[in-house]
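Colleague: I have a structure here, written as structure tokens, and I will follow up with some questions on it.
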Amino acid sequence: MRLDGKIALITGAGRGIGRTMALTLANAGADLCINDVNLDAAEETAEEVRALGRKAIAVKADVGDPGEVDAMVTRTIEQLGGIHILVNNAGIIDQGVPTTESAIEKWDEVFRVIVRGTYLCCRRAGQWMVEHRTGKIVNISSVAAFTGLAPRPAYVPAKGAVVDLTHTLAVEWAPYGINVNCIAPGFCLTPMSIEAFKRAGADLDKVGKNVPMGRLAVPQDLADATLFLVSDLSDYITGVTLPVDGGWLVYRTLPRG
Ligand code: NAP
């Protein structure tokens, strides 16, 4: 799967899944805009992309801020030459405390980054994509969107909204040759999940064993699925959400003993 001549913007690509996605798309030939709220982290990823022989710019921007998103996409177009691919990966998680004790401000912040951030980036990149009648967008949701994972009163519905936003944009932009799809990662070892597991007192070994494929996801699992969805091989696929979860969502079994 080659992406030669394509320009991609990945949000939250300073670390975790987004960073591996950036390196995977660069290895396939894409030039990259690496976004993060942490500029040093974004610059580190951009350096790794450049070491692979691709162009990369690092842009500090909060995806929930329309002015910063506008400036980031404008820079991508001006400095790299366009925006053929957008991966909305930036995300934060809520506190994991009982809903009755949860902070309203945190709920707003999770929705601001995940839902508003995905909308703002799609909206701005979509302006270029509609005009040029081409584009591939991948939104990162979560298996949480299809479950009652608790207590997560912000993260779960925010990730559900990302799935729904994917549906409506896929329909609206299909006539312009733009594919809008979604990936729902299962539990994956990254700084975000390790911290969340720790706070929840979850046993990582047991979480892995509870996945039919017997292990947690690694960032490369998500990056490979993303590569497929931004490549020409997925040209007739739009509006879908692809779980990349080792079978976790479909896992049900009868209790024994
Ligand atoms: P991560 O390690 O925390 O990486 C997320 C990156 O996004 C961080 O670099 C973070 O910056 C950045 N970010 C946070 N808020 C931002 C904002 N407003 N604007 C721009 N960047 C921002 O998380 P991850 O585990 O790689 O997760 C990546 C995506 O996959 C998220 O959308 C997450 O919800 C989803 N996902 C992850 C899992 C999992 O198990 N890991 C499972 C399902 C879905 P800071 O470092 O400064 O916070």
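Only the coordinates and a few stated rules stand behind these numbers; no lab work does. Predicted, not measured: the structure shown is a model, and the values here were computed from it. All Cβ positions, even for glycine, are placed from backbone atoms using ideal geometry, and neighbour counts span all protein chains on display.
Colleague: How about region 166-257: which chymotrypsin sites (Phe, Trp or Tyr not before Pro) there are in a DSSP loop, with at most 14 other Cβ atoms within 10 Å of their Cβ?
Modeller: Y236, Y251
Colleague: OK, next. Skipping prolines and chain starts, which residues have an amide H placed within reach, meaning under 5 Å, of the one on G135, given they are 5 or more residues away or on another chain?
Modeller: Those qualifying (amide H under 5 Å, at least 5 residues apart or on another chain) are N179.
Colleague: Over 31 Å between Cα atoms: which of K60/K136; K6/K106; K6/K206; K60/K209; K55/K206; K136/K159 fall into that group?
Modeller: K6/K106; K6/K206; K60/K209; K55/K206
Colleague: Then there is this: Around K55, which amide H atoms from residues at least 5 apart in sequence, or from another chain, sit under 5 Å from its own amide H, with H modelled in the peptide plane?
Modeller: Those qualifying (amide H under 5 Å, at least 5 residues apart or on another chain) are L32.
Colleague: State to the nearest 20 debye the size of the charge dipole of region 1-95 about its Cα centre, where the only charges are +1 on K and R beta carbons and -1 on D and E beta carbons.
Modeller: With only Lys, Arg, Asp and Glu charged at Cβ, the dipole is about 440 debye.
Colleague: Separate question: If exposed means no more than 16 neighbouring beta carbons inside 10 Å and the site is in a DSSP loop, what's the longest run of the chain without any exposed trypsin sites (Lys or Arg not before Pro)?
Modeller: 134-214
Colleague: Rank these for me by crowding, V113, V156, going from fewest to most other beta carbons within 10 Å.
Modeller: V156, V113
Colleague: Rounding to the nearest 20 debye, state how big the charge dipole of the chain is about its Cα centre with +1 on each Lys and Arg Cβ and -1 on each Asp and Glu Cβ.
Modeller: Magnitude of the dipole: close to 620 debye.
Colleague: Next question. Can you run phi through the Karplus equation (6.51, -1.76, 1.60; θ = phi - 60°) for region 139-145 and list ³J(HN,Hα) in whole Hz, with x for Gly and Pro?
Modeller: Listing the rounded values in order: 9, 9, 9, 6, 4, 4, 4 Hz.
Colleague: Sticking with this structure for a sec: By how many nm would the segment from Y176 to A51 grow when fully extended, if each residue of separation counts as 0.36 nm and the alpha-carbon distance is taken off?
Modeller: 41.6 nm
Colleague: On a 0 to 90° scale, report how tilted helix 117-132 is relative to the longest principal axis of the chain, with both axes built from alpha carbons and the result rounded to the nearest 10.
Modeller: Taking the Cα atoms of the chain, the angle to 117-132 is about 30 degrees.
Colleague: Net charge around S234, counting only other residues with Cβ within less than 15 Å of its Cβ (Lys, Arg = +1; Asp, Glu = -1)?
Modeller: My count for the surroundings of S234 gives 0.
Colleague: Right, something else. Have a look at A223, Y119, V207 and report the one farthest towards the positive end of the charge dipole of region 99-223, computed about the Cα centre with Cβ charges (Lys/Arg +1, Asp/Glu -1).
Modeller: A223
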